[in-house]
1. For region A:119-127, state whether one or more residues are part of a loop (DSSP other than H, G, I, E, B) and surrounded by fewer than 19 Cβ atoms within 10 Å (Cβ to Cβ).
2. Looking at (1) over 17 Å from the mean Cα position of the chain (by Cα); (2) within 11 Å of chain B (Cβ to nearest Cβ); (3) crowded, with 16+ Cβ neighbours inside 10 Å; (4) not in a strand (DSSP E or B), which is the only condition residue A:81 fails?
3. Could you figure out which of (1) in a helix (DSSP H, G or I); (2) surrounded by fewer than 18 Cβ atoms within 10 Å (Cβ to Cβ) isn't true of residue A:113?
4. How many residues are modelled with pLDDT under 95, outside any loop (DSSP other than H, G, I, E, B) and in contact with a helix residue (DSSP H, G or I) (Cβ under 8 Å, 6 or more places away or on another chain) if we restrict to region A:33-73?
5. For region A:42-60, what are the residues that are more than 13 Å from the chain's Cα centre (by Cα) and more than 12 Å from chain B (Cβ to nearest Cβ)?
6. Any residue at all in region B:3-17 that's more than 14 Å from chain A (Cβ to nearest Cβ) and assigned to a helix (DSSP H, G or I)?
7. Could you list all residues from region A:89-105 that are crowded, with 21+ Cβ neighbours inside 10 Å, within 13 Å of chain B (Cβ to nearest Cβ) and not in a helix (DSSP H, G or I)?
8. Where in region A:143-262 are there helices (runs of 4 or more DSSP H), lying fully within it, with 3 or more residues that are away from chain B (no Cβ under 14 Å)?
């Protein structure tokens, strides 16, 4: 390591971040657990969903109580939107409620796999970019859709590693490599991570960051997993910067082959 | 003949998927007050268009309006 390494940061639409782990806020047992998990993860960008206010009069702590506006940037999503129109409406509502321009754009094509509808996604992205949103689309791990999303002005692309909440890890690292080669915007792996080594792999491949929710919130001990993910992301990033050795078929001795006793 | 009694005129709205009636002249701000929604972190949509916060007090509701009031919840 160099004596005084430059701060390892990344930028999104002109904003600088040091954490390469983005976390969701769904599926936690309580707002307090959410708050502690976010804290341990070190995440600076935190996703939330947009839903109807409960009009039955019940009120308690909300997800916003788990966040510190000074430390955390809100990334509202358009989860569960199945049409471009619903995703656009949801993004507009999120901006009105939160007064931020960031949106994690999801247009879902199928309820069982939750795979993105890339055609509708591209359509929604164009509209929202034109309205000044900083659009971060959740998309397939397909280099072509990633390129198209970048070309219409998305601030990042977020290909899935595997289906949302599946914990299957990164199923197609080779596609991710191609996506990374051609990307001029940050590439974030969004969805599919199951454990810390999956997160590390995303960063080792050269991805800018990784976004996850279920892998932390659904772990037996979400707080320990939040920390594990933070360390996994940091380890993966360092390994990427360090530059791994080439894979080879045969051994390459670590100890000298000369000077042996006889 | 007894004087005919007339109910005050009402507007029929759909708010978050439920039918509601409010008095004629009610604004978006009045509706939020009726619903006891005081948080600033909500957004209102009227007939699929966002009503900006600054317009809540001057946006009068109309019969048949479809209103959505949303907030942030946990999500990934």
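The values are calculated or read from the model by the stated rules, or taken from the named source; none is laboratory data. None of these values were measured; they are calculated from a predicted model. In this analysis, Cβ positions are derived from the backbone assuming ideal geometry, glycine residues included, and neighbour counts consider all displayed protein chains.
1. Scanning region A:119-127, I find no residue that is part of a loop (DSSP other than H, G, I, E, B) and surrounded by fewer than 19 Cβ atoms within 10 Å (Cβ to Cβ), so the answer is no.
2. It fails just one condition, (2).
3. Result: residue A:113 fails condition (1) only.
4. 3
5. A:42
6. No, every residue in region B:3-17 fails to be more than 14 Å from chain A (Cβ to nearest Cβ) and assigned to a helix (DSSP H, G or I).
7. Across region A:89-105, the qualifying residues are A:102, A:103, A:104.
8. Fully inside region A:143-262 and qualifying: A:143-151, A:173-182, A:196-204, A:222-242.
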